[in-house]
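The values are calculated or read from the model by the stated rules, or taken from the named source; none is laboratory data. All figures in this text were calculated on a predicted structure; none of them were measured in a lab. Cβ coordinates were reconstructed from backbone atoms using ideal geometry, including for glycine residues, and neighbour counts include every protein chain displayed.
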Amino acid sequence: MKIMVVGGGGREHAIIKKLKENKDITEIFALPGNGGIAADATCVAVKATDIEGIVKFAKENTIDYAVVAPDDPLVLGAVDALTEIGVPCFGPNKAAAIIEGSKVFSKNLMKKYGIPTAQYEVFSDITAALNYLETAPIPTVIKADGLALGKGVIIAMTRDEAKEAVRSMMEDKVFGESGSNVVVEEFLTGPEVSVLSFTDGKTVVPMISSMDHKRAKDNDEGLNTGGMGTVAPNPYYTPEVAEQCMKEIFLPTIEAMNAENRTFKGCLYFGLMLTPNGPKVIEYNCRFGDPETQVVLPLLESDLLTVMKATTEGTLSETEVKFADKHACCVIMASDGYPQKYESGFEIKIADDVKDNVYVAGAKIEDGILKTAGGRVLGVTAVEETLEKAIDSSYAKVQKVSFDNAYYRKDIGKKAKEAK
Ligand code: AMP
Ligand code: GLY
């Protein structure tokens with residue numbers, strides 16, 4: 001079987017490494033992949049957002065199954081375009097991907113179907129938004145409607161900050177058209193949990209829970225990033241919470257999407273906050289999270305391709321999805337300065353005995369040498385019997401990877417350890 005994976009980050013590297021365990025797969029192509037992924041797949045210089053290029057490549061290379069991993073090609077309709085030429089895909093179609101593509105859509109969906117989330121107001125007019133903020137409860141949360149590379153959310157601790165956020169999105173258009181509509185949302189508190197799930201639109205199978213660390217610096221200080229590390233499972237996500245989420249959030253969301261004629265198939269990601277008033281949805285993603293995938297998939301014991309195909313074919317209820325009763329920790333090694341200015345182009349050295357544990361996100365090969373080429377460079381994952389061991393082991397493995405200008409948080413998993 002020939003498989004194509006669209007995307008080129010650490011998440012895609014984790015998907016590819018897991019897929020490779022299936023011996024029926026003869027070749028995996030990554031579009032575009034990256035210098036590190038090249039060790040595990042054939043990288044093809046087609047951008048993840050180049051839908052025409054993706055379709056052309058799939059046709060010319062008689063691809064048997066495609067995995068579309070990032071948000072933008074999903075929102076642009078990559079799955080619809082591939083399905084049309086007869087290539088079965090993992091991922092939602094355009095109509096369903098809107099659950100991540102538009103925050104106004106997802107907030108209205110939750111309100112309509114009674115799915116617990118923060119109270120909110122939507123504005124398309126800047127004066128109305130600014131007026132509302134004169135009396136809105138503070139802190140408040142301002143969100144750009146569309147995709148904004150994970151940066152479209154501003155937690156405003158003061159009224160002035162809130163107004164400034166609205167102006168930057170609606171007037172200065174810092175996120176382009178994504179900020180034409182904004183959501184002003186109630187500020188919630190509580191531990192955050194990421195739950196990725198497989199769904200075929202009928203059955204929803206949550207994967208093992210995880211905890212992201214979004215801030216750049218230790219103790220959750222510094223700027224928001226794409227994610228600086230993860231652990232799985234998340235200790236706050238007890239069996240009781242899981243049951244409540246299934247009943248109040250997961251199943252109602254799948255049913256709501258069906259009722260809207262937007263049946264969701266693929267990986268639906270629930271970003272949850274466990275508030276004093278119960279679990280609430282902070283965000284939906286229409287795809288695997290990054291770097292959640294780098295701790296969740298190493299714990300998957302079932303064959304990934306079999307599960308993915310079951311979501312496409314609608315046979316998930318008959319398919320086993322089993323996770324190891326173990327713990328995983330992923331530490332992201334970034335270029336110092338990320339998420340702002342950073343230098344790259346430095347040689348990356350990875351000891352042979354940790355190569356299997358490394359998921360490369362931002363790297364290129366130049367003159368046969370692997371070099372840094374991005375903010376988040378790679379993730380180092382360890383799987384162990386306990387959380388403590390997984391943390392220690394991933395940090396020990398980090399010592400076996402080096403490049404100039406490397407930066408990583410020293411406290412990934414600390415909060416999870418304290419929660420137990
Ligand atoms: P997002 O980009 O949607 O993942 O949001 C980034 C982060 O902002 C989340 O992980 C939360 O920590 C925080 N956040 C988003 N919405 C809220 C909210 N309503 N209340 C408190 N924190 C929030
Ligand atoms: N780690 C959060 C995300 O993938 O959006």
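Residue 332 satisfies every condition listed in (1) over 16 Å from residue 298 (Cβ atoms); (2) of a type in the set (A, V, I, L, M); (3) modelled with pLDDT of 95 or more except (1). Residues of region 174-228 that are of a type in the set (Gly, Ala, Ser), within 20 Å of residue 282 (Cα to Cα) and away from ligand 1 (no atom under 15 Å from the Cβ): 197 alone.
Table: residues versus (1) within 22 Å of the chain's Cα centre (by Cα); (2) modelled with pLDDT under 95.
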{"site": "378", "(1), (2)": "yes, no"}
{"site": "381", "(1), (2)": "yes, no"}
{"site": "386", "(1), (2)": "no, no"}
{"site": "390", "(1), (2)": "yes, no"}
{"site": "393", "(1), (2)": "no, no"}
{"site": "401", "(1), (2)": "no, no"}
{"site": "404", "(1), (2)": "no, no"}
{"site": "414", "(1), (2)": "yes, no"}
{"site": "420", "(1), (2)": "no, yes"}
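Residues that are over 16 Å from the mean Cα position of the chain (by Cα), surrounded by 24 or more Cβ atoms within 10 Å (Cβ to Cβ) and of a type in the set (A, V, I, L, M, F, W, C) do not occur anywhere in region 283-291.
Can you name every residue in region 38-86 that is assigned to a loop (DSSP other than H, G, I, E, B) and without any contact (Cβ under 8 Å) to a residue 24 or more places away in the chain?
44, 45, 46, 47, 50, 86
Across region 195-252, the number of residues qualifying as within 16 Å of ligand 2 (Cβ to nearest atom), outside any strand (DSSP E or B) and on the phi > 0 side of the Ramachandran plot comes to 2. Of the numbered criteria (1) surrounded by fewer than 22 Cβ atoms within 10 Å (Cβ to Cβ); (2) modelled with pLDDT under 95; (3) in contact with a helix residue (DSSP H, G or I) (Cβ under 7 Å, 6 or more places away or on another chain), the one residue 135 fails is (3). Contact map, region 199-212: residues that are under 22 Å from residue 411 (Cβ atoms) paired with residues that are of a type in the set (D, E, K, R) and within 16 Å of ligand 1 (Cβ to nearest atom), Cβ distance under 9 Å, separation 6+ or inter-chain. Pairs shown: 210/292; 211/192; 211/292; 211/415; 212/192; 212/292. Of all positions in region 183-201, none carries a residue that is out of contact with any helix residue (DSSP H, G or I) (no Cβ under 7 Å at 6 or more places or on another chain), among the acidic types (Asp, Glu), more than 26 Å from residue 233 (Cβ to Cβ) and modelled with pLDDT under 95.
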